[in-house]
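For reference, the structure is listed below as structure tokens.
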Amino acid sequence: MHSFIIALQFLTRLTINPNIEVTEKRLGQSIAFFPVIGCILGCILIVAGLFLSRILLLSPPTVNLLLIIILIWLTCGLHLDGLADTIDGLSGAREREKILFIMRDSCVGVMGVLSLICLLAMKVCFLGEIQPEFKNQTLLLMPLMGRWGIVIACCLSPYAREDGKAKAFIAQAGIKELLFSTIFTVGLTFALIGWKGMFLTFLIPLFVLIWIRYLMVKIGGGTGDTLGACCECSEVLVLIGMLVLNRMT
């Protein structure tokens with residue numbers, strides 16, 4: 001239970017027990033619940049979408065934009081910050097130490113800002129292309145699989161720095177956390193959209209493996225920022241994947 005609460009409070013602004021003791025071991029164990037937290041976020045988005053569209057009678061484009069804003073608010077923009085820092089670092093230097101230095105800098109560069117604009121625009125646009133009958137499944141799977149991507153990255157890549165906030169997650173996460181999160185994600189995906197969902201459960205790990213391989217070459221592993229970038233890109237891939245599945249039905 002403690003691991004679940006730690007995951008909830010780390011990934012969202014939702015607080016249950018702010019005084020809970022956080023150790024490196026519990027941080028590592030909490031990563032197994034990341035997809036569960038994504039599922040909770042998805043459920044909140046579904047309820048918010050129904051309220052905005054059926055009670056307030058807002059137009060679909062407005063609802064889609066507000067849903068993305070709600071997701072940002074719920075997560076405090078945690079992963080978006082990682083995306084911007086990652087893009088700034090990878091686009092601003094070639095040497096490993098310089099890349100890591102730029103990524104840790106609190107200032108956001110032009111490339112980081114542009115990456116945020118492009119990613120958020122893609123989320124709103126792709127969400128608008130999803131057929132209404134698939135909208136709720138998409139809102140649930142997007143944050144779910146985004147955080148599953150973090151688990152895969154943590155369990156399969158080393159930490160690129162000597163120390164940092166994400167070191168405990170990467171160092172302590174293991175096969176047990178990966179197995180639990182994968183069973184939960186694959187099982188829920190199958191329950192929501194059947195065998196078609198196996199396309200998504202193949203697409204996200206494939207992307208994460210390519211991402212890990214790229215980071216190993218560039219900086220020798222992952223960081224907290226690259227995990228955030230992995231989550232955001234995985235969410236966009238889920239939207240694209242659901243759009244493809246929509247077109248096929």
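Any read-out appearing in this document is the output of simple, stated calculations on the displayed coordinates, not a laboratory observation. Since the structure is predicted, the reported quantities are computational estimates derived from the model, not experimental observations. All Cβ positions, glycine included, derive from the backbone under ideal geometry; neighbour counts span all protein chains shown.
Values as computed for the structure displayed
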{"read-out": "Flag if GLU95 is acidic (Asp, Glu) and closer than 23 Å to MET198 by Cα", "value": "no"}
{"read-out": "Condition broken by GLU133, with the remaining ones in (1) free of Cβ contacts under 8 Å to residues at least 60 places away in the same chain; (2) crowded, with 21+ Cβ neighbours inside 10 Å; (3) not polar (S, T, N, Q) satisfied", "value": "(2)"}
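Yes/no per residue for (1) aliphatic (A, V, I, L, M); (2) touching a strand residue (DSSP E or B) at 6+ places or on another chain (Cβ under 9 Å); (3) at negative phi; (4) surrounded by 15 or more Cβ atoms within 10 Å (Cβ to Cβ):
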{"position": "SER59", "(1), (2), (3), (4)": "no, no, yes, no"}
{"position": "THR62", "(1), (2), (3), (4)": "no, no, yes, no"}
{"position": "LEU67", "(1), (2), (3), (4)": "yes, no, yes, yes"}
{"position": "LEU71", "(1), (2), (3), (4)": "yes, no, yes, yes"}
{"position": "GLY89", "(1), (2), (3), (4)": "no, no, yes, yes"}
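Yes/no per residue for (1) more than 27 Å from CYS118 (Cα to Cα); (2) acidic (Asp, Glu):
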position: LYS135; (1), (2): no, no
position: PRO158; (1), (2): yes, no
position: GLU177; (1), (2): yes, yes
position: LEU188; (1), (2): yes, no
position: MET216; (1), (2): no, no
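Rundown of residues vs (1) touching a Phe, Trp or Tyr at 6+ places or on another chain (Cβ under 7 Å); (2) aliphatic (A, V, I, L, M); (3) closer than 19 Å to SER181 by Cα; (4) outside any helix (DSSP H, G or I), yes/no style:
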{"residue": "PHE4", "(1), (2), (3), (4)": "yes, no, yes, no"}
{"residue": "GLN9", "(1), (2), (3), (4)": "no, no, yes, no"}
{"residue": "ILE16", "(1), (2), (3), (4)": "no, yes, no, yes"}
{"residue": "VAL22", "(1), (2), (3), (4)": "no, yes, no, yes"}
{"residue": "ARG26", "(1), (2), (3), (4)": "no, no, yes, no"}
{"residue": "VAL36", "(1), (2), (3), (4)": "yes, yes, yes, no"}
{"residue": "ILE40", "(1), (2), (3), (4)": "no, yes, yes, no"}
{"residue": "ILE44", "(1), (2), (3), (4)": "no, yes, no, no"}
{"residue": "VAL47", "(1), (2), (3), (4)": "no, yes, no, no"}
